Amino acid sequence: LVTTAYTAITTGTEASLIAAGGSGVFLDLIQIVAANTSDGTVSLDFRDATAGGIVFSVQCPASATTGFVPAVPYPQNVANLPWTVDMNDVSNTTVNVSALFIKNV
């Protein structure tokens with residue numbers, strides 16, 4: 001089952017990208033797209049658990065859209081946890097992040 005996610009981040013505070021999938025459900029990542037509306041490059045850090053370790057990072061150039069599409073679904077390490085995204089704390093910045101996940105039980 002494929003599911004979508006979206007969030008807009010504006011500060012250097014970790015934000016939820018998608019809620020936990022439920023008991024025994026892994027949310028395996030298949031695509032990330034990020035649109036940076038600011039005039040500065042930002043680094044986005046993705047985690048597969050709130051306050052967890054960084055799983056991967058994506059650089060998003062100023063006033064541009066960038067993406068990440070792994071060759072195979074990127075597996076979530078532990079079931080029933082959310083994915084989150086964070087960026088460096090840049091003033092007057094909004095990054096819109098959308099994603100596709102596969103629910104894996």
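The values are calculated or read from the model by the stated rules, or taken from the named source; none is laboratory data. Computed from a predicted model, the values in this text were never measured in an experiment. Glycine gets a Cβ as well: all are built from the backbone with ideal geometry, and neighbour counts include every protein chain shown. All accessible areas refer to the heavy atoms of the entire protein, side chains included, with ligands and DNA or RNA removed. Shrake-Rupley method; radii C 1.70, N 1.55, O 1.52, S 1.80 Å.
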* **the range 65-87, residues that are surrounded by 13 or more Cβ atoms within 10 Å (Cβ to Cβ) and either part of a loop (DSSP other than H, G, I, E, B) or among the charged types (D, E, K, R) (or both)** => P70, P73, P75, Q76, A79, N80, L81, P82, D86
* Asked: Out of the range 91-105, which residues are assigned to a loop (DSSP other than H, G, I, E, B) and crowded, with 19+ Cβ neighbours inside 10 Å?
  -> T93
* Counting only residues that are among the acidic types (D, E) and in contact (Cβ under 8 Å) with a residue 60 or more places away in the chain, which one in the range 1-55 is most open to solvent (accessible area, probe 1.4 Å)? -> E14
